[in-house]
1. When residues of segment 197-212 are filtered for being open to solvent by less than 30 Å² (accessible area, probe 1.4 Å) and at pLDDT below 95, how many remain?
2. Residues of segment 236-254 being surrounded by 13 or more Cβ atoms within 10 Å (Cβ to Cβ) and either free of Cβ contacts under 8 Å to residues at least 24 places away in the same chain or not in a strand (DSSP E or B) (or both), which ones?
3. How about segment 260-364: which strands (runs of 3 or more DSSP E) wholly inside it have at least 3 residues that are under 19 Å from P215 (Cα atoms)?
4. Output yes when any residue across segment 24-34 is among the charged types (D, E, K, R) and either at pLDDT below 95 or surrounded by fewer than 13 Cβ atoms within 10 Å (Cβ to Cβ) (or both), and no when none is.
5. I'd like to check something: does segment 263-270 contain any residue that is of a type in the set (D, E, K, R), more than 18 Å from the chain's Cα centre (by Cα) and at pLDDT below 95?
6. Does V300 count as open to solvent by less than 30 Å² (accessible area, probe 1.4 Å), touching a residue at least 24 places away in the same chain (Cβ under 8 Å) and closer than 30 Å to L160 by Cβ?
7. Go through (1) over 17 Å from the mean Cα position of the chain (by Cα); (2) farther than 19 Å from G3 by Cβ; (3) buried (at least 19 other Cβ atoms within 10 Å of the Cβ) one by one and return the number of the condition V140 breaks.
8. Considering (1) within 30 Å of Q284 (Cβ to Cβ); (2) touching a Cys at 6+ places or on another chain (Cβ under 8 Å); (3) of a type outside the set (A, V, I, L, M), say which one S202 fails and leave the rest.
Amino acid sequence: MSGNSIGQNFVVTTFGESHGVALGCIIDGCPPGLEISVADLQLDLDRRKPGTSRYTTARREADEVQILSGVFEGVTTGTSIGLLINNTDQRSQDYSNIKDLFRPGHADYTYQQKYGQRDYRGGGRSSARETAMRVAAGAVAKKYLRAVHGIEIHGYLSQLGPICAEQIDFAQIEQNPFFFPDADKLEALDEYMRELKKSGDSIGAKVSVVATNVPVGLGEPVFDRLDADIAHALMGINAVKGVEIGDGFAVINQKGSEHRDLMYLDGFASNHAGGVLGGISSGQPIVAHMALKPTSSISVPGDSITRDGKTAEVVTKGRHDPCVGIRAVPIAEAMLAIVLMDHLLRHRAQNQGVSSSTPVLGMR
């Protein structure tokens, strides 16, 4: 099974299934000398892990990460970093009824057709549980980006169903279980999710992620544009059906005079481009958004077929998130961090020592 790695200079490869013995990943290309500890990784893993609030799946996983290699006396050695998380709360019997049944909206049917077999326990390799390792690897990248370049990454839930954030307060994001930046909407979110859980249904969401202090020059034209790689990384997260950079699809209704980010000696006047021009970072904040579909693991009956071609009705049992967008926030941060880390190392390899007489612009 190919397609388990991302990056060229900073390469992350994950392995493991939802109900297997463990999840793991290998990080290649991390520079030596970076101070890193389990606590650094555990902080983001705890933000993503299941069972942390009544708004997410009831599955209880400690998600305690082990550093197997690549770190000695508290610092990275430059060799491969091996990370492992043991699965401890599998209830595979919850999935015995779908062994020969395809859940609509899931990867059951496509995995069966592609491989001729599938691990039906919690979705196997297609489960979002795999993203725990992306978060662990992303924590390494975030630590390097912050320590060496001062780059900060903030993700947040910008919309859940019909409820949109009207104000963005980064300080508010970690103060509530929704990762929501608008304190005025928390009561509405709570009421909406309570009613949703009563109905046995699910809802989609929009997650936004912002990186600040990103230097000018990251991105490799033509096919490895920075925005293209960010879109690839975010689109590779489970349940994501759309990615926007900057204003995204809103540019359809914008005129050129409105969209272009005017430049002055004291900085850019706006950031409609989302921090990327011609596939290369401009020094403005990197801004990306992703749309996540409502999970199909719901108790509302739906029509499907069995593996041997018979019609059937599906009522999903087990423990599932009524809105997968909530726990996707640290995943989005991790994937953006991995892409930026990779491009920083690629830029250093080719362009170290390059200088320009043009002033570096920030935001006005």
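1. Residues meeting the conditions: 2.
2. Of the residues in segment 236-254, the ones surrounded by 13 or more Cβ atoms within 10 Å (Cβ to Cβ) are 236-240, 242-248, 251.
Result: G236, I237, N238, A239, G246, D247, G248, V251.
3. On the way: elements: 286-292, 302-305, 311-314.
The qualifying strands (runs of 3 or more DSSP E) are 286-292.
4. In the first step, residues of segment 24-34 are kept if they are among the charged types (D, E, K, R); the result is 28.
The next check asks that each one be either at pLDDT below 95 or surrounded by fewer than 13 Cβ atoms within 10 Å (Cβ to Cβ) (or both); those that pass are none.
No: segment 24-34 contains no residue that is among the charged types (D, E, K, R) and either at pLDDT below 95 or surrounded by fewer than 13 Cβ atoms within 10 Å (Cβ to Cβ) (or both).
5. So far as segment 263-270 goes, yes, one or more of its residues are of a type in the set (D, E, K, R), more than 18 Å from the chain's Cα centre (by Cα) and at pLDDT below 95.
6. Spelling it out, it is not the case that V300 is open to solvent by less than 30 Å² (accessible area, probe 1.4 Å), touching a residue at least 24 places away in the same chain (Cβ under 8 Å) and closer than 30 Å to L160 by Cβ.
7. (1)
8. Unmet for S202, out of (1) within 30 Å of Q284 (Cβ to Cβ); (2) touching a Cys at 6+ places or on another chain (Cβ under 8 Å); (3) of a type outside the set (A, V, I, L, M): (1).
The values are calculated or read from the model by the stated rules, or taken from the named source; none is laboratory data. The structure displayed is predicted, hence computed values, not measured ones. Ideal geometry is used to build each Cβ from the backbone, glycine not excepted, and the neighbour counts take in all protein chains shown. The area values use the complete protein model at the heavy-atom level, side chains included, leaving out ligands, DNA and RNA. Shrake-Rupley method; radii C 1.70, N 1.55, O 1.52, S 1.80 Å.
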